[in-house]
1. What does the C-alpha gyration tensor say about the overall shape of segment 51-190? Classify as rounded when a/c is under 1.5, otherwise prolate if a/b is larger than b/c, or oblate.
2. Which pairs in the list Lys93/Lys150; Lys93/Lys156; Lys60/Lys113; Lys113/Lys170; Lys150/Lys171 are over 18 Å apart, alpha-carbon to alpha-carbon?
3. Over segment 83-170, what percent of the accessible surface lies on carbon and sulfur atoms, probe 1.4 Å?
4. With every protein chain kept in the model, how would you rank Arg74, Arg137 by accessible area, 1.4 Å probe, largest at the top?
5. So what is the accessible area of segment 69-190 per residue, in Å², with the probe set to 1.4 Å?
Amino acid sequence: MQKYCYYFIFLVFSNTIFAQNKYDSLRSLIKNNSELIVFEKIAYFRNNVFFEIPCILPLKITESNGITSFYGERIHPVNGALDFHHAIDIAAKEFDEVFSTANGMIIESNYNKYLGEYIVIEHPNGYQTIYGHLSVRYVDVGEIIYLGEKVGAVGKSGRATGFHLHYGIKKNGQYINPLPYLFLFQKSIH
């Protein structure tokens, strides 16, 4: 099953989070497997409601990544006041690609003085994901987005002290801790 999942990841996320060398990856993953079986697994997963909830990291994992600010109370890095952080901040390099963490539709793609360049994606089942402090937005309001699709690039726009992604999740209009969702897909394939 694990080989099928990696093949599925390769096809669904090609040019995004997991695929580096498409041809070599494809050849090695299906070498000893029936293509029909692999494609049946892909069809099952693509239509699975699982991809309608946030379930992957919004960035590629690199040495420069790390959570610099967690969900919850904190001392604000800019104004020094105690506040509640409704997201997590993930350190990254300028222009690192940012990916949708679930299927959905872009409902906001704009700028504000706090989040800077930001995107909000509405997902089925009452979820929304927020991506802030971007340098570039690749999407416009109304676009349909799929899990793993590029939506922007890391920056430090708005009120930010360095390059990072501000990543938040809302469920039925209320902010929730994004941390448990970051590796949901990865946990499901083991």
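1. Working: a/c = 1.37, a/b = 1.26, b/c = 1.09.
Rounded, because the longest to shortest axis ratio a/c is under 1.5.
2. Values: Lys93/Lys150 16 Å; Lys93/Lys156 10 Å; Lys60/Lys113 27 Å; Lys113/Lys170 21 Å; Lys150/Lys171 22 Å.
As for pairs spanning more than 18 Å Cα to Cα, those are Lys60/Lys113; Lys113/Lys170; Lys150/Lys171.
3. Numbers: 1690 of 3470 Å².
Within segment 83-170, the accessible surface is 49 percent carbon and sulfur.
4. Details: Arg74 40, Arg137 80 Å².
Solvent-accessible surface, decreasing: Arg137, Arg74.
5. Details: 5750 Å² over 122 residues.
I get 47 Å² per residue for this part.
The values are calculated or read from the model by the stated rules, or taken from the named source; none is laboratory data. Since the structure is predicted, the reported quantities are computational estimates derived from the model, not experimental observations. Protein only, heavy atoms only, side chains kept; ligands, DNA and RNA dropped before computing areas. Shrake-Rupley method; radii C 1.70, N 1.55, O 1.52, S 1.80 Å.
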